[in-house]
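Report on the following structure.
The values are calculated or read from the model by the stated rules, or taken from the named source; none is laboratory data. Bear in mind that the values here come from a model prediction, so they are computed numbers and not experimental data. A quick note on method: Cβ atoms are made from the backbone with ideal geometry, for glycine too, and the neighbour counts reach across all protein chains shown. These accessible areas exclude ligands, DNA and RNA; they are computed on the full protein's heavy atoms, side chains included. Shrake-Rupley method; radii C 1.70, N 1.55, O 1.52, S 1.80 Å.
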Amino acid sequence: MIIRPYELKDEESWLRCRVLSFLNTAYFDHVLRKKERYENPSIELVAEVDGQIVGLLDIEYEIIERSVCSRGSGLGGTIWHIAVHPDFQRQGIATRLLDQGEELAKTHELNRLEAWTRDDEWVRKWYENQHFSLVDSYLHVFIDEQAEMDQSIQSTYKNLYPIQAFAHYAGNKKEEIRQQFKRVHECVCYEKLL
């Protein structure tokens with residue numbers, strides 16, 4: 001296995017790796033058809049085995065404080081994607097990608113990394129094992145049943161009928177929201193000082 005910088009020719013393999021790695025997570029339906037391009041500088045790494053992308057890491061980083069990260073002081077970076085193909089999980093690939101990403105982050109004088117994830121316990125445990133600390137959270141709310149739509153979303157356009165919605169809830173009545181809607185995920189922010 002080699003870890004190297006992402007190249008444009010990797011896009012299709014990168015997308016496949018990401019989709020397959022997310023299938024058994026709370027992000028199972030967050031499918032990308034194109035790899036994201038970042039407004040700010042980024043560290044984009046892939047793990048490759050026999051020409052196949054089996055892992056990936058994208059960190060967008062700041063050159064102006066608080067332009068990418070949601071908190072902290074000094075320059076930081078946000079991990080937008082870290083994933084390992086299911087056939088290659090539990091082999092230390094994500095940790096190796098993160099280690100190399102952290103080393104590159106330090107060369108850009110970043111003092112911390114931020115990562116947002118949902119409520120998959122094994123993912124949270126991985127971040128904690130990598131010395132990240134839980135620093136913030138809010139809820140991702142999926143509204144896709146008619147009764148849920150009727151109580152929360154109304155269209156002001158004639159003959160336009162909302163069928164699905166995705167919302168962020170950042171208030172202090174999280175339990176009430178969890179009881180009102182069938183699919184709710186806690187979205188948590190982890191931070192690691194470098």
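Which ones in the range 140-192 are touching a Ser or Thr at 6+ places or on another chain (Cβ under 9 Å), among the basic types (Lys, Arg) and free of Cβ contacts under 8 Å to residues at least 60 places away in the same chain? The one that is touching a Ser or Thr at 6+ places or on another chain (Cβ under 9 Å), among the basic types (Lys, Arg) and free of Cβ contacts under 8 Å to residues at least 60 places away in the same chain: 174. When each of 115, 94, 105, 170 is tested for being open to solvent by 30 Å² or more (accessible area, probe 1.4 Å), modelled with pLDDT of 95 or more, in contact with a strand residue (DSSP E or B) (Cβ under 6 Å, 6 or more places away or on another chain) and aliphatic (A, V, I, L, M), the lone residue that passes is 170. Going by the structure shown, is residue 68 aliphatic (A, V, I, L, M) and open to solvent by 10 Å² or more (accessible area, probe 1.4 Å)? So residue 68 passes the test. The set of residues in the range 46-91 being over 15 Å from the mean Cα position of the chain (by Cα) and in a strand (DSSP E or B) consists of 46, 47, 48, 49, 52, 53, 54, 76. Hey, any hits in the range 23-44 for a residue that's of a type in the set (Val, Ile, Thr), out of contact with any Leu (no Cβ under 8 Å at 6 or more places or on another chain), open to solvent by 10 Å² or more (accessible area, probe 1.4 Å) and in contact (Cβ under 8 Å) with a residue 60 or more places away in the chain? Yes - at least one qualifying residue is present in the range 23-44. Is there a residue in the range 1-15 that is of a type in the set (Ser, Thr, Tyr), in contact with a helix residue (DSSP H, G or I) (Cβ under 7 Å, 6 or more places away or on another chain), part of a loop (DSSP other than H, G, I, E, B) and at pLDDT 95 or above? Yes, there is a match, as at least one residue in the range 1-15 is of a type in the set (Ser, Thr, Tyr), in contact with a helix residue (DSSP H, G or I) (Cβ under 7 Å, 6 or more places away or on another chain), part of a loop (DSSP other than H, G, I, E, B) and at pLDDT 95 or above.
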